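To start, the structure itself, in structure tokens.
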Amino acid sequence: MRVRGALAPGLARNRAVVGLAAETCTLAGQRRKWGRAMKAALMAQRFDVAGRLVTVGQTGSGNVNDTYLAVFRTVFSEERFILQRINKNVFPKPELIMANMRLITEHAHRRIEAEAHRSDRIWQLPRVIPCKEGGDLAVDGDGGCWRAISLIASAHSHEKVQSIEHAYEAGFVLGQFQRVISDIPSEHLHDTLEGFHITPHYLAKYDLARDTEEGRKRLGSSWEAQYCARFIEDRRTWCRVLEDAKARGELALRPIHGDPKVANIMIDDATGKGTCIVDLDTVKPGLIHYDFGDCLRSCCNPVGEETLDFRSICFDADLCEAIVKGYMQNAREFLTEADRRYLFDAVRLIAFELGLRFFADYVAGDVYFKTRYDGQNLNRACVQFKLTESIEMRETQIRKTLERF
Ligand code: GN1
Ligand code: MG
């Protein structure tokens, strides 16, 4: 077996070539990485894919699950697919995620096929690859849950929006996805992540986290933490806006994607057009506003979620216009008057909410989002709050754009 890095004795019998990143600088770290990669190689072989394993290596930039690209070959073909270890800390019932994923993908595949003759492109959506032994989840010796999904080939996603055209495509793809799943009754989907995008729920978690010794220490530790704490206090009452509208019956639950950030929008290498949205873990009943707000907070921030240059953060109104234009091509069909009334709040709220989620996690000691360095969740929170400020400053302009389409 060939590896990039030192050889782990005793593991050399597996024929897979396991890719390791350069960060494996200590022997213990190297062994841990090796262990994970070897486990991924073993788990990849539990799924119903033709051929023999060639490589498995980490891919993607997700903040929650571990994602690998597996390559299998037969004597005449090659199949590449996405292998993921589901983070059970975040998703305690992986079998419900897989049930939702099956329902959604099979429904969407049927609709995409039926509409193919009048479509301007070939729409795609990954399929769930079953295990050889049956079912959609393979469980490893430590109780870890793994799943496999087909790779959308000849297409790429980006961490940041690249152009106005890219922004338009992101909006178009989200609208198309919401449209093709809009006829699934939302009660047919499981609630896989309770409290997801319920802003008051995150506020309550934050309140609990800051009421501990560690929480108080972290809150007082820097001007950034104090800025975040103040930012939240100033928006405490307002942040119920969507949940209150839902409780009054103005807004209804529908099937949503849950995480339509720019990194989850696949762009066709051949045409430059959007071809699908990936990362279907969070597909569940929700408000379409969560998706709309999330897409805009992600796509209208050209410097991205991980920047450390807070002064450069600005909500780009031109990108916003392009996304709304693309989104409305499809969403016009299913949006109600009441839905439209809350679109601006959704943009402001989901940026704020993500900042609150990152900050609450920082205060709680980084227990939810994966981090690569100390203080990363605090920095991420500052980015989202700066973005929220920028959205608030541009309220009139954004509202005008929303009215125009
Ligand atoms: C998480 O794991 P990933 O990167 O797909 C998070 C989203 C956030 C996103 C921010 C289940 O998504 O809600 O918007 O990070 N997913 C979950 O990058 O919490
Ligand atoms: Mg996700």
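The values are calculated or read from the model by the stated rules, or taken from the named source; none is laboratory data. This is a predicted model, so every value here is computed, not measured. Positions of Cβ are backbone-derived with ideal geometry, glycine not excepted, and every protein chain shown enters the neighbour counts. We work out accessible area using only protein heavy atoms, side chains counted, and drop any ligands, DNA or RNA first. Shrake-Rupley method; radii C 1.70, N 1.55, O 1.52, S 1.80 Å.
Below are the figures for this structure:
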{"read-out": "Radius ratio Rg over Rh of the range 52-150, counting only Cα atoms, Kirkwood formula for Rh", "value": "1.01"}
{"read-out": "The range 355-376 residues near the modelled S221 label - backbone nitrogen below 12 Å, point 7 Å along Cα→Cβ", "value": "361-367, 373-376"}
{"read-out": "Size of the range 198-239 as Cα extents on the principal axes (Å, biggest first)", "value": "27, 19, 11"}
{"read-out": "Surface accessible to a 1.4 Å probe, per residue, for the residues of the range 155-404, Å²", "value": "41 Å²"}
{"read-out": "Estimated distance in nm for a label pair at R341 and R102, the labels positioned 7 Å out from Cα along Cα-to-Cβ", "value": "4.1 nm"}
{"read-out": "Cβ-based charge dipole, the range 52-150, positive-most Cα from N100, Q124, A138", "value": "Q124"}
{"read-out": "FRET efficiency estimate (nearest 0.05) - Cβ-Cβ, R236 to L308, R0 35 angstrom", "value": "0.80"}
{"read-out": "Residue pairs, from the table K33/K160; K33/K370; K246/K386; K88/K370; K261/K386, whose Cα atoms sit over 21 Å apart", "value": "K33/K160; K246/K386"}
{"read-out": "Per-pair calculated FRET efficiency, R0 = 22 Å: R127 and Q58 via Cβ, rounded to 0.05", "value": "0.50"}
{"read-out": "Label-point gap, in nm, between Y373 and Q45 - each point 7 angstrom along Cα→Cβ", "value": "3.9 nm"}
{"read-out": "Highest to lowest packing among 177-183, 241-247, 28-34, scored as the average C-beta count within 10 Å", "value": "177-183, 241-247, 28-34"}
{"read-out": "Check: the chain dipole with +1 on Lys, Arg Cβ and -1 on Asp, Glu Cβ, in debye", "value": "1120 debye"}
{"read-out": "Per-selection Rg to Rh, the range 155-404 - Cα, Kirkwood hydrodynamic radius", "value": "0.95"}
{"read-out": "Nearby lysines by direct alpha-carbon distance to K132 (threshold 18 angstrom, same-chain neighbours under 8 apart not counted)", "value": "K39"}
{"read-out": "Over the range 70-156, relative contact order from alpha-carbon pairs under 8 Å, at least 6 apart, %", "value": "34 percent"}
{"read-out": "Alpha-carbon Debye profile of the range 247-318, log10 I(q)/I(0) at 0.13, 0.27, 0.28 Å⁻¹", "value": "-0.50, -1.17, -1.19"}
{"read-out": "Nitroxide proxy distance, nm - points 7 Å out along Cα→Cβ at R31 and T74", "value": "4.1 nm"}
{"read-out": "Extension gain from A153 to E113, taking 0.36 nm per residue of separation minus the Cα-Cα distance", "value": "12.6 nm"}
{"read-out": "Peptides 85-97, 250-262 ordered by average Cβ neighbours within 10 Å, highest first", "value": "250-262, 85-97"}
{"read-out": "Volume of the Cα convex hull of the range 103-229, divided per residue and given in Å³", "value": "226 Å³"}
{"read-out": "Phi to ³J(HN,Hα) by Karplus 6.51 cos²θ - 1.76 cosθ + 1.60 over the range 96-112, Hz, x for Gly, Pro", "value": "6, 4, 5, 5, 4, 5, 4, 4, 5, 5, 5, 5, 5, 4, 4, 5, 4"}
{"read-out": "GluC sites (Glu not before Pro) lying in DSSP loop within the range 262-326, provided at most 13 other Cβ fall within 10 Å", "value": "E306"}
{"read-out": "The range 302-405, Rg to Rh (Cα coordinates; Rh as Kirkwood inverse mean 1/r)", "value": "1.04"}
{"read-out": "Added length on full extension, which subtracts the Cα-Cα distance from 0.36 nm per residue, T67 to E187", "value": "40.3 nm"}
{"read-out": "Ranked by how many other beta carbons lie within 10 Å on average, peptides 137-145, 328-336, 360-368 from highest", "value": "360-368, 328-336, 137-145"}
